1. Give me the pairs, please: first residue somewhere in the stretch 212-224 and within 15 Å of Glu148 (Cα to Cα), second residue anywhere and among the aliphatic types (A, V, I, L, M) and loosely packed, with under 14 Cβ neighbours inside 10 Å, beta-carbon distance under 8 Å, and either six or more positions apart or on two chains.
2. Collect the residues in the stretch 80-117 that are surrounded by fewer than 18 Cβ atoms within 10 Å (Cβ to Cβ), under 17 Å from the mean Cα position of the chain (by Cα) and not in a helix (DSSP H, G or I), keeping them in residue-number order.
3. Looking only at residues that are among the hydroxyl-bearing types (Ser, Thr, Tyr) and in a helix (DSSP H, G or I) in the stretch 6-51, which one is surrounded by the fewest Cβ atoms within 10 Å (Cβ to Cβ)?
4. Show me the strands (runs of 3 or more DSSP E) entirely contained within the stretch 151-224 in which 3 or more residues are open to solvent by less than 40 Å² (accessible area, probe 1.4 Å).
5. Just to be sure I understand, how many residues within the stretch 119-150 are of a type in the set (A, V, I, L, M, F, W, C), closer than 28 Å to Ile25 by Cβ, open to solvent by 30 Å² or more (accessible area, probe 1.4 Å) and part of a loop (DSSP other than H, G, I, E, B)?
Amino acid sequence: MVLKQFIEEVKNNFKNVDDKFFDNIEIYKQYLQEYNKATNLTRLDGEDKIYQEYFLESILPFINIDFAKYTKVLDIGSGSGIPGIVLKLLYPQIDLTIIESNGKKLTFMRSLASKLNINVTFYLKRAEEIRNNEREKYDIVTSRAVAELRIILEVSVPYCKVNGLIIEPKGRMFKEEYAEAEQIIGKLGIKLISEKDNSNFVFEKVEVTNQEYPRKWTDIIKNE
């Protein structure tokens, strides 16, 4: 995919996108490619992949989301900025927070946010180490390629407000991941509002999360 195709796809799927978005995407792309030469942030920095697999595919799961209603967004494990920073460029009105445990990647994102002149709150920490003042705080919690569904849901749901959304795009094994997550889904007070045969899972939070979640990381990964 080249820039022209990327522009067409975004305009076809997202309404009222202005040219500033595409200007900022070009700044993002060039800065990422240059930075990546020294730090190896991502494998998706080639011209043939960056528009399609990096930028476009990171925002397609949000086509039907009303960001006038869901304004406080948390991106867990954003890596080098997707989907969070791309969403912030697309919807400047959102209040974006990013949690990232990798200091090298967080340094890049801070620098990128400054270069793009956007406001983003960053936390360098492990997401399962949640503080009481962070619980039930965000309208949308999302992550991309961080962990299998049962794990990322347990980590993500406590951050989300009741009536908020947890959006988890998954890969080819999405059916298997959903089957393994069903037990924890029943304990977290969420319901699936997208089709199960769609690899993009959208859950609505319907009740306050029990304080026992998220558990310690060693307990989460045991799958018990």
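The values are calculated or read from the model by the stated rules, or taken from the named source; none is laboratory data. Keep in mind that this is a model prediction, so the values were computed, not measured. Heads up, the Cβs are rebuilt from the backbone with ideal geometry, glycines too, and the neighbour counts pull from every protein chain shown. Note: accessible area is taken over every heavy atom of the protein model, side chains too, but ligands, DNA and RNA are not part of it. Shrake-Rupley method; radii C 1.70, N 1.55, O 1.52, S 1.80 Å.
1. Matching pairs, first to second residue: none at all.
2. Within the stretch 80-117, Pro92, Gln93, Asp95, Ser101, Asn102 meet the criteria.
3. Taking the stretch 6-51 as the starting set, the residues that turn out to be among the hydroxyl-bearing types (Ser, Thr, Tyr) are 28, 31, 35, 39, 42, 51.
Restricting the remaining residues to those that are in a helix (DSSP H, G or I) gives 28, 31, 35, 39, 51.
On the way: Tyr28: 22, Tyr31: 16, Tyr35: 18, Thr39: 12, Tyr51: 22.
This residue is Thr39.
4. Values: elements: 160-169, 190-192, 200-205.
Counting at least 3 such residues, we get 160-169, 200-205.
5. Residues that pass the stated criteria total 2.
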